[in-house]
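Undergrad: This is the structure I have questions about; it appears just below.
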Amino acid sequence: MNNEINRRDFLKYGIGGVATIVVGSKIPGFLTSEAHAAVQTLNVTITDAMKGMVTDNAINPAKCYFWVYKMTADGIDIPADCPGPNIIATLGDTVSLSITNGLDEPHAFHVPGMFDSGPINPGQTVTRSFTANLSGAHLYYDNLNSPVNRVMGLHGALIVMPKSPKSGHKFTPYDNPTPHVQAIYDAFGSTAHWPGLAWEEGDPLTNTPPFRQYVWLTHQASPNLFEEVGGLPAGVIYDPQQFMNAFLRDPFSPDPNTNRIPQFFTINGQCGHFCHNNCYITPSGRVGEPVVVHILNAGLWTHSMHLHANHMYVTSVNDVVQTNPIWVDVFTVHPMDKVDYTIPFMRPPDLPNVRGIGRPDTPLTSLNGRPVWPPTEEFDVFMPAPGQDLGRDLNGNIIDLTQRQSPLCYPMHDHSEPSQTAQGGNYNCGLISGIYFVGDRNTAGWMDFPMEEDFRMMYGTGIDRGCQHTDWSARPSRHE
């Protein structure tokens, strides 16, 4: 095994908590602080790694063996991980790759409709290039011995940005949006229905980036099966049907070491706390700051990604921009599917206003006679109550466990319940995320919601997408 992945050491930049590499040109304003920009050639090594998973600690060591795409960008080594780094290109850019196979069997690098390296033998290096010819989110992966090589960890996300919007219209994530999808993006930031910012608009005053987007690359990992595949003698190829039968149909056992069904369900290689408390994965923003979420399913499990607080438009399914985008709160994502959620970041729809739930107009009042928006009642809720004695340190001082119920945090979870566990039983340690409302830019003078220190630290460390680096401590409170 060539690499050891410590989950806490993964790079804290890029879309989705995954290292992000920009190749070729960039559209103005997008990823202006990106760490690896305008890379000419990506050096890719196909290798292996052992990764600490969500419950990996001294009491319960939980590691999983993977095959991985390890990359170097302009001489900067990007730590090996599953999935591989996000690759960002603009429509028409040339992506150049130098790929070395460091494993014992043939492997490949494949992007459907754009690029196929063909089999790369052990020890062989191939240098190829391709044109990013279709905007949107794409999966790059090893298409040999399908689905074994891909599910073992050889996959990642390629995002192709459109070069320009349609004439007379605003940007969408697509080259040729349908009239209804274009109408949604044209409405953002310019209509009474969707006040705030357009998708392409940022705001330096609120440290809000333009082109707000996230990647949810879903995957499932089986430590026992992956170790079995990795332990085969050099040149021996694991039978794909045997792999699928073991992965999906091994009989359940209370002993996690005796079956080969998946034990970890991940988004961007993270699960549990490392998903839903990660602002690179969990959409975070103010009312009036719409985002797009690119969902890619690299595994063998069907997911139904259910978002609370907002319904979303399903604007693209498997590279087909939708003629009539549906407005839902859950949508099924099958293995190898690619689905885009366009989330308007409207006021949470359980908050009633005069014209209806979630609308940006005069709020109704709660049972206590206070306006339901801004949600000042929620701001005043602390769990546990301040001053409650729930434990003391070695010096006898009360340990303050108080947590304010602000900003507003709503869950995203998979309606396939087993995916929300780890190792067959640790609930809320699986595939789960959320949506955070940290303010409302449509309130007069704009408003940031109060934050506890731990949330502020989590939210304030990013440089490009969701983790705006707002200096919350330096700004006077707007919520009084």
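The values are calculated or read from the model by the stated rules, or taken from the named source; none is laboratory data. Source: prediction; values computed, not measured. A quick note on method: Cβ atoms are made from the backbone with ideal geometry, for glycine too, and the neighbour counts reach across all protein chains shown.
Undergrad: Could you give every pair whose Cβ atoms fall below 6 Å, whose first residue belongs to the range 427-453 and is over 10 Å from P407 (Cα atoms), and whose second residue is of a type in the set (K, R) and buried (at least 17 other Cβ atoms within 10 Å of the Cβ), counting only separations of at least 6 or pairs across chains?
TA: Short answer, once both residue conditions are applied: D440/R286; R441/R286.
Undergrad: State all residues of the range 311-334 that are hydroxyl-bearing (S, T, Y) and in a strand (DSSP E or B); if no residue qualifies, say none.
TA: Of everything in the range 311-334, those that are hydroxyl-bearing (S, T, Y) and in a strand (DSSP E or B) turn out to be Y313, T315, S316, T332.
Undergrad: While we're on this one: State whether the residues of the range 192-199 include one that is touching a Phe, Trp or Tyr at 6+ places or on another chain (Cβ under 8 Å), surrounded by fewer than 21 Cβ atoms within 10 Å (Cβ to Cβ) and farther than 23 Å from A80 by Cα.
TA: yes
Undergrad: Out of the range 302-324, which residues are surrounded by fewer than 21 Cβ atoms within 10 Å (Cβ to Cβ) and in contact (Cβ under 8 Å) with a residue 24 or more places away in the chain?
TA: Across the range 302-324, the qualifying residues are T302, S304, H306, H308, H311, V314, D319, Q322, T323, N324.
Undergrad: Separate question: Testing D203 on (1) crowded, with 19+ Cβ neighbours inside 10 Å; (2) assigned by TED's automatic domain parsing to the domain that holds I432; (3) over 20 Å from V339 (Cβ atoms); (4) touching a residue at least 40 places away in the same chain (Cβ under 8 Å), one condition comes back false. Which one is that?
TA: So D203 meets the others, but not (1).
Undergrad: Scan the strands (runs of 3 or more DSSP E) fully inside the range 55-157 and keep the ones with 1 or more residues being at pLDDT 95 or above and not acidic (D, E).
TA: Per the criteria, 63-73, 94-101, 125-131, 136-141.
Undergrad: Can I ask one more? Quick check: anything in the range 341-362 in contact with a helix residue (DSSP H, G or I) (Cβ under 7 Å, 6 or more places away or on another chain) and of a type in the set (V, I, T)?
TA: Within the range 341-362 (the criterion being in contact with a helix residue (DSSP H, G or I) (Cβ under 7 Å, 6 or more places away or on another chain) and of a type in the set (V, I, T)), the answer is yes, since at least one residue qualifies.
Undergrad: Same structure again: Based on what the data block shows, is E227 in the same structural domain as V293 (by TED's automatic domain parsing) and within 27 Å of the chain's Cα centre (by Cα)?
TA: no
Undergrad: Right, D142: of a type in the set (D, E), in contact (Cβ under 8 Å) with a residue 60 or more places away in the chain and more than 23 Å from W301 (Cβ to Cβ) or not?
TA: Details: of a type in the set (D, E): yes; in contact (Cβ under 8 Å) with a residue 60 or more places away in the chain: yes; more than 23 Å from W301 (Cβ to Cβ): no.
Against the criterion (of a type in the set (D, E), in contact (Cβ under 8 Å) with a residue 60 or more places away in the chain and more than 23 Å from W301 (Cβ to Cβ)), D142 does not qualify.
Undergrad: Moving to a separate point now. Taking the range 163-221 as the search range and keeping residues that are of a type in the set (D, E, K, R) and assigned to a loop (DSSP other than H, G, I, E, B), which one is nearest to I261 (Cα to Cα)?
TA: Per the stated criteria, the residue is R212.
Undergrad: Among the residues of the range 396-422, count how many are within 30 Å of N259 (Cβ to Cβ), out of contact with any helix residue (DSSP H, G or I) (no Cβ under 9 Å at 6 or more places or on another chain) and either surrounded by 15 or more Cβ atoms within 10 Å (Cβ to Cβ) or touching a residue at least 12 places away in the same chain (Cβ under 8 Å) (or both).
TA: Looking only at that region, the number is 7.
Undergrad: Please find, among N121, N86, N101, N133, the residue that is assigned by TED's automatic domain parsing to the domain that holds G156, in contact with a helix residue (DSSP H, G or I) (Cβ under 6 Å, 6 or more places away or on another chain) and not charged (D, E, K, R).
TA: Being assigned by TED's automatic domain parsing to the domain that holds G156, in contact with a helix residue (DSSP H, G or I) (Cβ under 6 Å, 6 or more places away or on another chain) and not charged (D, E, K, R) holds for just one of N121, N86, N101, N133, which is N86.
Undergrad: Can you tell me how many residues in the range 232-275 are part of a helix (DSSP H, G or I) and modelled with pLDDT of 90 or more?
TA: Count: 10.
Undergrad: Only one residue in T402, T342, T365 is at pLDDT 90 or above and among the β-branched types (V, I, T), so which one is that?
TA: So the residue among T402, T342, T365 that is at pLDDT 90 or above and among the β-branched types (V, I, T) is T342.
Undergrad: Just give me the residues in the range 147-166 being more than 17 Å from the chain's Cα centre (by Cα) and β-branched (V, I, T), in sequence order.
TA: Result: V148, V151.
Undergrad: Still on this structure, please answer the following. Answer yes or no as to whether D142 is farther than 30 Å from Q241 by Cβ and either crowded, with 19+ Cβ neighbours inside 10 Å or not β-branched (V, I, T) (or both).
TA: Taking the combined requirement at face value, the residue does not satisfy it.
Undergrad: Now a separate question. Taking the conditions exactly as written (crowded, with 18+ Cβ neighbours inside 10 Å and either in contact with a helix residue (DSSP H, G or I) (Cβ under 6 Å, 6 or more places away or on another chain) or free of Cβ contacts under 8 Å to residues at least 40 places away in the same chain (or both)), does K166 satisfy them or not?
TA: no
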